[in-house]
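Working notes, structure below.
The values are calculated or read from the model by the stated rules, or taken from the named source; none is laboratory data. What you see is a predicted model, and the numbers here were worked out from it, not measured in a lab. Here Cβ is always computed from backbone atoms with ideal geometry, including for glycine, and neighbour counts include all displayed protein chains.
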2 protein chains.
Amino acid sequence: MSRLVLKFGGTSVRNVDRIRSVAGMVKAAVDAGNEVAVVVSAMAGTTDQLVGFARDIDPSGDDREYDVVVSAGEQISAGLLAMALQALGCRSRSWLGWQLPVHSDGTHAKARITNIDIDALAAGMADGEIAVLPGFQALSPEGRITTLGRGGSDTSAVALAAALGADRCDIYTDVEGVFTCDPGIVPRARKLNRITYEEMLEMASLGAKVLQTSSVVMAMKHRVPVQVLSSFVDVPGTLVIDEENAMEDEMVSGIAYAPDEAKITLVRVADRPGVAARIFGPLAESGVNVDMIVQNVSEDGKTTDVTFTVGREDLDRAIKVIQGARAEIEYERIVADPAVVKVSVIGVGMRSHVGVAHTMFQALAAKGINIQTITTSEIKISVLIAEDYTELALRTLHSVYGLDDT
Amino acid sequence: MSRLVLKFGGTSVRNVDRIRSVAGMVKAAVDAGNEVAVVVSAMAGTTDQLVGFARDIDPSGDDREYDVVVSAGEQISAGLLAMALQALGCRSRSWLGWQLPVHSDGTHAKARITNIDIDALAAGMADGEIAVLPGFQALSPEGRITTLGRGGSDTSAVALAAALGADRCDIYTDVEGVFTCDPGIVPRARKLNRITYEEMLEMASLGAKVLQTSSVVMAMKHRVPVQVLSSFVDVPGTLVIDEENAMEDEMVSGIAYAPDEAKITLVRVADRPGVAARIFGPLAESGVNVDMIVQNVSEDGKTTDVTFTVGREDLDRAIKVIQGARAEIEYERIVADPAVVKVSVIGVGMRSHVGVAHTMFQALAAKGINIQTITTSEIKISVLIAEDYTELALRTLHSVYGLDDT
């Protein structure tokens with residue numbers, strides 16, 4: 001017997017028929033002898049509608065009331081799923097965020113779960129009752145409803161699995177698992193059987209939006225095995241696990257890309273202590289999220305070029321901020337490119353293999369793709385290229401690292 | 001300065017624009033120097049949709065989960081109204097049923113409020129904060145969400161007004177007040193300035209669906225002055241108050257009617273002790289709601305005729321139940337009429353005026369309308385007539401008692 005947490009996303013519970021179907025899947029897991037708790041998102045479309053109402057009333061309205069409004073979606077789906085499980089003859093009940101409670105740090109609209117009181121819930125589970133939790137919602141220290149930010153239900157599920165000491169957290173979604181690359185761009189991409197937390201984290205933060213980043217961080221921290229699988233197709237998904245348990249010995253596990261990036265280069269910036277702070281401080285204050293940062297050594301000892309990327313929708317704002325701080329930063333001119341894409345090669349295997357980067361650079365050069373900037377981490381190499389070459393670069397790299405489905 | 005509870009129904013908050021408009025009305029009441037708490041229904045259509053989801057999953061599903069699902073509608077509108085008030089520069093916060101809490105007896109789907117912990121809310125109000133409560137929802141002794149049954153938000157508002165010792169509870173709705181008769185049938189019906197609790201109760205339970213019956217009972221019990229008024233037209237509504245304060249000295253305050261009734265007569269029932277229990281016990285057990293009951297004295301000392309009315313949708317079921325209990329009840333035959341209407345003349349004034357009933361019977365007879373059965377209470381006379389005569393009877397009685405708008 002295993003103790004499992006099953007999480008179903010918005011498309012998996014998008015209408016009453018789908019909720020019935022989810023209830024059937026949960027019952028099957030129980031009938032197979034498992035102890036089961038379920039976490040659900042709001043029915044697809046509900047959260048968007050509620051956020052729309054709140055933003056319509058006041059785009060910068062009180063986050064405490066925003067949380068009251070948008071948390072209602074998960075409350076609805078949790079109650080409906082508990083009813084659907086009962087209709088199949090299962091014992092089940094919903095546990096709302098404030099009922100257990102699921103404690104949070106009280107940062108409204110983007111709270112972090114601090115701990116979950118599982119005693120009552122675990123007692124019910126041990127007695128054969130299926131617990132159904134609304135994802136996304138928690139309780140602040142002041143006794144008010146908090147939400148975890150968009151996609152927070154994944155984090156709710158992993159946090160519950162950690163608190164319950166569950167054997168696995170299954171995240172049901174509308175894709176069959178984690179792929180070596182976006183199958184929409186690389187038709188020969190294949191589903192991974194296993195991936196490490198670290199790799200998943202790089203994939204998740206790079207646009208392969210299968211799991212919410214903070215849920216992967218929490219799974220890694222508590223060593224919760226997570227399975228990503230489809231609620232529509234009954235095949236095994238991708239297991240996200242410890243490196244020790246990841247048996248595959250691939251050099252590279254996947255190719256990720258971050259579209260809609262824009263590049264800004266500050267040419268001949270005065271190279272003296274604190275220059276980075278003078279550039280990125282004002283950007284952070286104005287809410288511009290900076291991704292890659294590249295600063296090379298100074299050629300003349302007096303000036304240097306600083307390149308960084310921002311989301312394309314933030315480009316104009318970022319330029320205005322930099323222009324406004326020209327006196328403090330001291331640069332010659334700004335060069336902006338609104339049409340770049342970041343392509344990354346990811347794999348824990350590259351730590352023990354040499355030549356991974358060389359292979360990447362050579363393959364791109366052979367196709368005539370110019371690399372604009374390079375950054376590396378222990379398990380990732382990222383390059384910035386012109387957006388037009390996205391498909392060619394991804395397919396080329398996917399082949400050269402032997403990831404193609406055969 | 002007065003302490004007011006303002007309650008807005010579903011049509012009054014049916015979209016974001018209407019919620020903004022309600023916020024403006026609340027602000028006006030505050031600016032006029034009042035301490036204000038607000039109770040809101042769910043946005044029009046929301047509750048029907050949620051009830052539909054729940055019933056679709058299981059028409060007889062767990063009422064505890066049903067309450068989790070359907071209470072979400074009021075949570076949404078309460079958060080949105082608090083945001084809209086803040087957008088107008090008011091201090092405001094929502095208080096959910098479980099947060100105060102609003103205690104109930106725990107009868108899911110049709111709970112009764114037992115008491116409301118108002119300390120935190122009253123402290124906020126005294127400090128200038130506008131409290132916004134979702135109507136309809138409360139907390140069971142087991143710590144689960146309960147709802148009060150359809151229309152329960154009126155009761156929430158009156159209960160809050162009672163707990164706060166409010167000077168008045170204003171129920172904003174889509175009509176301008178309580179009318180002497182249904183203006184859709186009697187064009188010369190006029191709005192009443194005042195009506196007693198007792199009269200309102202008879203009106204409410206007879207199809208003049210302006211206020212939920214249980215809210216009137218609660219207002220009468222705690223002597224809370226209630227005003228029914230329109231959220232769309234800025235004119236005074238109808239005040240529902242104590243008889244001592246009701247200045248109008250009318251003999252009759254209004255004419256009510258209950259459509260969709262059906263009549264059943266059991267002919268020649270064996271007239272021995274316990275006959276009523278043998279008839280109405282099985283009906284109650286099968287959930288058939290019986291309204292009028294008329295049993296005359298026995299002519300021969302051995303048998304009697306018993307007539308009663310049920311909702312038209314329950315007629316077939318009621319007949320089956322009576323047929324199934326034929327051996328115990330002992331009757332000769334059943335006569336059913338599916339097309340009757342109950343017309344009632346209501347007024348506390350009839351206690352001190354003679355001839356009210358006589359005027360009614362005479363007026364109906366003059367129009368050739370046959371009275372099938374008669375029942376009376378201290379402030380009401382009800383007759384059952386053929387459905388075809390509904391309009392004629394209502395207009396005739398409205399004129400004969402001097403209620404016509406001139």
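Which residues, counting only those in the stretch B:61-76, are more than 7 Å from chain A (Cβ to nearest Cβ) and either under 30 Å from A:Pro59 (Cα atoms) or at pLDDT below 95 (or both)?
B:Val70, B:Ser71, B:Gly73, B:Glu74 - these are the residues of the stretch B:61-76 that are more than 7 Å from chain A (Cβ to nearest Cβ) and either under 30 Å from A:Pro59 (Cα atoms) or at pLDDT below 95 (or both).
Return only the number of the condition from (1) touching a Gly at 6+ places or on another chain (Cβ under 8 Å); (2) within 23 Å of A:Leu133 (Cβ to Cβ); (3) facing chain A (nearest Cβ under 10 Å); (4) not basic (Lys, Arg) that B:Asp58 does not satisfy.
Only one criterion in (1) touching a Gly at 6+ places or on another chain (Cβ under 8 Å); (2) within 23 Å of A:Leu133 (Cβ to Cβ); (3) facing chain A (nearest Cβ under 10 Å); (4) not basic (Lys, Arg) is unmet by B:Asp58, namely (1).
Provide a single number: the residues in the stretch A:99-139 that are part of a strand (DSSP E or B), within 14 Å of another protein chain (Cβ to nearest Cβ) and among the hydrophobic types (A, V, I, L, M, F, W, C).
5
Could you give every pair whose Cβ atoms fall below 6 Å, whose first residue belongs to the stretch A:26-50 and is of a type outside the set (Gly, Ala, Ser), and whose second residue is in a loop (DSSP other than H, G, I, E, B), counting only separations of at least 6 or pairs across chains?
A:Lys27/A:Leu88; A:Lys27/A:Cys90; A:Asn34/A:Ser2; A:Val39/A:Gly135; A:Met43/A:Arg14
Would you mind stating whether A:Asp119 is out of contact with any Ser or Thr (no Cβ under 7 Å at 6 or more places or on another chain) and under 29 Å from B:Arg14 (Cα atoms)?
No; evaluated as a whole, the condition is false for this residue.
When you go through (1) part of a loop (DSSP other than H, G, I, E, B); (2) touching a residue at least 40 places away in the same chain (Cβ under 8 Å); (3) touching a Ser or Thr at 6+ places or on another chain (Cβ under 9 Å) one by one for B:Asp154, which number turns out not to apply?
(1)
Condition first: over 23 Å from B:Ile346 (Cα atoms) and either of a type in the set (S, T, N, Q) or surrounded by fewer than 18 Cβ atoms within 10 Å (Cβ to Cβ) (or both). Now tell me which residues in the stretch B:255-277 satisfy that.
Of everything in the stretch B:255-277, those that are over 23 Å from B:Ile346 (Cα atoms) and either of a type in the set (S, T, N, Q) or surrounded by fewer than 18 Cβ atoms within 10 Å (Cβ to Cβ) (or both) turn out to be B:Thr265, B:Val267, B:Arg268, B:Ala270, B:Arg272, B:Pro273, B:Gly274, B:Ala276, B:Ala277.
Report yes if some residue within the stretch B:77-94 is hydroxyl-bearing (Ser, Thr, Tyr), crowded, with 21+ Cβ neighbours inside 10 Å, under 21 Å from the mean Cα position of the chain (by Cα) and within 11 Å of another protein chain (Cβ to nearest Cβ); otherwise report no.
No, because not a single residue in the stretch B:77-94 is hydroxyl-bearing (Ser, Thr, Tyr), crowded, with 21+ Cβ neighbours inside 10 Å, under 21 Å from the mean Cα position of the chain (by Cα) and within 11 Å of another protein chain (Cβ to nearest Cβ).
Can you tell me which residues in the stretch A:278-295 are farther than 14 Å from A:Arg317 by Cβ and either of a type in the set (Ser, Thr, Tyr) or in a strand (DSSP E or B) (or both)?
A:Asp291, A:Met292, A:Ile293, A:Val294, A:Gln295
Which residue out of B:Leu80, B:Leu139, B:Leu85 is in contact with a Ser or Thr (Cβ under 8 Å, 6 or more places away or on another chain), at pLDDT 95 or above and more than 22 Å from A:Gln99 (Cα to Cα)?
B:Leu85
Results for (1) of a type in the set (D, E, K, R); (2) under 18 Å from B:Gly9 (Cα atoms), shown as yes or no for each residue.
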residue: B:Glu176; (1), (2): yes, yes
residue: B:Ala204; (1), (2): no, yes
residue: B:Val228; (1), (2): no, yes
residue: B:Val235; (1), (2): no, yes
residue: B:Ile241; (1), (2): no, no
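Only one of these conditions is not met by A:Ile279: (1) in contact with a helix residue (DSSP H, G or I) (Cβ under 8 Å, 6 or more places away or on another chain); (2) β-branched (Val, Ile, Thr); (3) over 21 Å from A:Leu384 (Cβ atoms). Which number is it?
Of (1) in contact with a helix residue (DSSP H, G or I) (Cβ under 8 Å, 6 or more places away or on another chain); (2) β-branched (Val, Ile, Thr); (3) over 21 Å from A:Leu384 (Cβ atoms), only one is false for A:Ile279: (3).
Check every one of the strands (runs of 3 or more DSSP E) wholly within the stretch B:157-253 and list those with 3 or more residues that are β-branched (Val, Ile, Thr).
Passing ranges, in order: B:238-241.
For the stretch A:282-310, give me each residue that is surrounded by 11 or more Cβ atoms within 10 Å (Cβ to Cβ) and touching a helix residue (DSSP H, G or I) at 6+ places or on another chain (Cβ under 9 Å).
Those that are surrounded by 11 or more Cβ atoms within 10 Å (Cβ to Cβ) and touching a helix residue (DSSP H, G or I) at 6+ places or on another chain (Cβ under 9 Å): A:Pro282, A:Leu283, A:Ser286, A:Val288, A:Asn289, A:Val290, A:Ile293, A:Gln295, A:Thr304, A:Val306, A:Phe308, A:Val310.
Just wondering, is there one or more residues in the stretch B:363-385 that are touching a residue at least 40 places away in the same chain (Cβ under 8 Å), part of a helix (DSSP H, G or I) and in contact with a helix residue (DSSP H, G or I) (Cβ under 7 Å, 6 or more places away or on another chain)?
No, the conditions are met nowhere in the stretch B:363-385.
Can B:Ala163 be described as free of Cβ contacts under 8 Å to residues at least 12 places away in the same chain, out of contact with any helix residue (DSSP H, G or I) (no Cβ under 8 Å at 6 or more places or on another chain) and more than 16 Å from B:Val40 (Cα to Cα)?
No: the conditions fail for B:Ala163.
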